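Some notes on the structure that comes next.
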Amino acid sequence: MKKIIAMTLAAVMCAAALTACGSDAANADVQSTVSETQSASTEGASTEAQETQAASEENASTEAETADGDNVLIVGTNAEFPPFEYVGDDGEPDGFDIALIKAIGEKLGMEVQVENMEFNSLIASIGTKIDAVIAGMTVTEERAAAVDFSDTYYEAVQSVIVPADSDIKAAADLENKTIGVQLDTTGNFIADEIPGATVQAYNKGADAVNDLINGRVDAVIIDTNPAQVFAQQFEGELVALDGADFDFEAEYYAIALPKGSDLVEKVNQAIADLKADGTFDALVAQYIGEVE
Ligand code: GLN
């Protein structure tokens with residue numbers, strides 16, 4: 001876990017949505033636990049040591065470190081979630097989250113290394129293979145029991161993608177339907193609660209969308225921004241319906257860090273700084289296309 005943790009992801013700001021951040025998303029508790037446990041991360045630290053690269057950059061007084069003492073932040077993502085993360089033309093992960101974490105790394109004097117992984121293995125890998133996660137990840141109580149979250153940086157909601165000629169229009173119409181989701185996402189959790197629904201979980205949202213095109217599922221529940229991207233890819237065939245019509249609640253994305261990591265506060269500060277200096281809004285405009 002040498003390079004692990006660095007991600008300071010902190011604070012982002014719940015911007016306008018702030019007040020809601022703590023509501024059902026449990027973000028409030030998350031922050032309070034941050035400095036408590038220094039956690040066990042030191043133990044595994046020697047595992048796969050890599051050359052020390054920290055030495056040369058130690059001068060910056062603001063420089064942050066991972067739990068094992070280096071300044072390389074290994075950040076896990078799942079590059080299947082446009083516009084937040086996707087594989088760019090050069091084969092490397094790109095997207096809003098990737099740009100954000102790199103900007104945070106710069107503020108912290110840390111080198112950011114992005115690891116592309118399955119979404120459902122991200123949380124379990126924190127503290128071993130990776131130092132942090134940025135993956136359009138919604139703060140949930142269950143996740144917050146396993147990791148500490150930064151301040152939230154984006155308000156989202158789930159959407160329902162359906163064929164253009166579907167008669168699914170509202171929550172009751174999803175009952176007893178076959179619904180595609182990405183495994184272990186909040187869309188998956190919502191689908192699990194729909195009466196009579198058969199839930200098909202895929203490793204990639206795009207695979208769920210393909211099965212929607214093929215008629216193997218009746219609808220796909222996925223976060224709004226990716227839903228819009230996927231629906232655009234099949235313009236005329238698919239439409240992304242507004243989650244408000246299905247009574248879906250707002251969700252908030254945050255960066256996940258090991259329990260007790262002292263990077264939480266630093267990441268939060270970096271996010272606040274990026275908001276204050278305009279970088280954050282510029283990235284929103286560049287990757288997402290609208291400024292909150
Ligand atoms: N926001 C959703 C979640 O956290 C989906 C994230 C994703 O698929 N990358 O579960």
> What percent do you get for the relative contact order of the stretch 158-246 when only Cα pairs under 8 Å and 6+ apart count?
Replying inline: 43
>> Take the residue pairs 107/266; 107/275; 102/275; 204/275 and return only those whose Cα atoms are more than 21 Å apart.
In response: 204/275
> Can you pull the Rg over Rh of the stretch 236-292, Cα-only, Kirkwood?
Replying inline: 1.12
> Taking amide hydrogens as modeled 1.01 Å from N in the peptide plane, which residues meet the under 5 Å criterion relative to residue 154, leaving out close sequence neighbours?
Replying inline: 253
> Using the eigenvalues of the Cα gyration tensor, what equivalent ellipsoid semi-axes result for the stretch 220-259 when each is taken as the square root of five times the eigenvalue, whole Å, largest first?
Replying inline: 25, 14, 6
> Which whole-Hz couplings ³J(HN,Hα) result when phi for each residue of the stretch 101-111 is put into the Karplus expression 6.51 cos²θ - 1.76 cosθ + 1.60, θ = phi - 60°, listed in order with x for Gly and Pro?
Replying inline: 5, 5, 5, 5, x, 4, 4, 8, x, 10, 8
> Residues with amide H under 5 Å of residue 238's amide H, sequence separation 5 or more or different chain, H placed in the peptide plane at 1.01 Å from N; which?
Replying inline: 164
> Whole-Hz Karplus ³J(HN,Hα) for the stretch 218-227, in order, using 6.51 cos²θ - 1.76 cosθ + 1.60 and θ = phi - 60°, x for Gly and Pro?
Replying inline: 8, 7, 10, 9, 7, 3, 4, 5, x, 4
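Could you put 63, 235, 155 in order, starting from the residue whose Cβ has the fewest other Cβ atoms within 10 Å?
Sorted ascending by nearby Cβ count, the order is 235, 63, 155.
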> Which of the peptides 94-106, 188-200 is most tightly packed, and how do the rest follow, going by the mean number of other Cβ atoms within 10 Å of each residue?
Replying inline: 94-106, 188-200
> Using modelled amide H (1.01 Å from N, peptide plane; none on Pro or chain starts), what sits under 5 Å from the amide H of residue 223, excluding residues fewer than 5 places away?
Replying inline: 159
>> Output wanted: per-residue J couplings in Hz (rounded whole) for the stretch 80-89, from phi through Karplus 6.51 cos²θ - 1.76 cosθ + 1.60, θ = phi - 60°, x for Gly and Pro.
In response: 9, 9, x, x, 6, 7, 7, 8, x, 4
> Which value, in Å to one decimal place, does the Kirkwood hydrodynamic radius take for the stretch 158-246 when every pair of different Cα atoms is included?
Replying inline: 12.2
> Based on Cα positions only, what radius of gyration and what Dmax would you give for the stretch 137-292, in angstroms?
Replying inline: 17.1, 51
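Values in this text are rule-based calculations from the coordinates and carry no lab data. Owing to the predicted nature of the structure, the values given are computational and were not obtained by experimental measurement. Positions of Cβ are backbone-derived with ideal geometry, glycine not excepted, and every protein chain shown enters the neighbour counts.
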